[in-house]
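The values are calculated or read from the model by the stated rules, or taken from the named source; none is laboratory data. Treat the numbers as computed from the prediction; the structure is a model and nothing was measured. Neighbour counts run over all protein chains shown; Cβ positions are idealised from the backbone, glycine included.
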Amino acid sequence: MQKEMLLFLSVLRELQTINQEFPIQYAICLTEISLSEGISLTTLSEKVSMPLSTTSRIVGALSQKRQKGKPYDLVTIHISPTERRKKLLYLSPRGQDLLRNIGNLLTEPCEKRSTTQKDDCIA
């Protein structure tokens, strides 16, 4: 169990590289977008079981429209070519890098990790 918790902790620390107080709801939305790039805002809202207004605010912060503070620039929003009112969500290059780093944490043995990432490995 200790190994799994240390791995989980390393993922949380990777999320903290974005912002020390990166909300878990944001991480959930970001992960859902990475699993279904091109997902609509409405479908994302249903998948994460949050109101559309909340999901819209989170996606705004994950993209370029954060209400307070600097936006995270992890997601890009595209208007659907077939439905102008529909917003389609994709990872930005920065979001792809973050999710790649998290994927590496989950799959790479401790020996191959960077020095800071090795802190969460069992000695």
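Restricting the search to the range 24-40, which residues are crowded, with 16+ Cβ neighbours inside 10 Å, in a helix (DSSP H, G or I) and either among the aliphatic types (A, V, I, L, M) or without any contact (Cβ under 8 Å) to a residue 60 or more places away in the chain (or both)? Correct list: 26, 27, 28, 29, 30, 32, 33. Of the set (1) under 21 Å from residue 85 (Cβ atoms); (2) at pLDDT 95 or above, all apply to residue 31 but (1). In this structure, residue 65 does not qualify as modelled with pLDDT under 95, surrounded by fewer than 12 Cβ atoms within 10 Å (Cβ to Cβ) and not hydroxyl-bearing (Ser, Thr, Tyr).
Each residue in the range 1-16 was checked for being touching a residue at least 12 places away in the same chain (Cβ under 8 Å) and surrounded by fewer than 14 Cβ atoms within 10 Å (Cβ to Cβ), and 3 pass. Residue 99 falls short on exactly one of the conditions (1) under 30 Å from residue 3 (Cβ atoms); (2) surrounded by fewer than 16 Cβ atoms within 10 Å (Cβ to Cβ), and that condition is (2).
So, in the range 53-108, exactly how many residues are of a type outside the set (S, T, N, Q), part of a helix (DSSP H, G or I) and in contact (Cβ under 8 Å) with a residue 24 or more places away in the chain?
Quick first cut of the range 53-108, residues of a type outside the set (S, T, N, Q) only: 57-62, 65-66, 68-75, 77-79, 81, 83-91, 93-95, 97-100, 102-103, 105-106, 108.
Pick out the ones that are also part of a helix (DSSP H, G or I) and you get 57-62, 93-95, 97-100, 102-103, 105-106.
If we keep only those that are in contact (Cβ under 8 Å) with a residue 24 or more places away in the chain as well, we get 58-59, 61-62, 95, 98-99, 102, 105-106.
Residues in the range 53-108 being of a type outside the set (S, T, N, Q), part of a helix (DSSP H, G or I) and in contact (Cβ under 8 Å) with a residue 24 or more places away in the chain: 10 in total.
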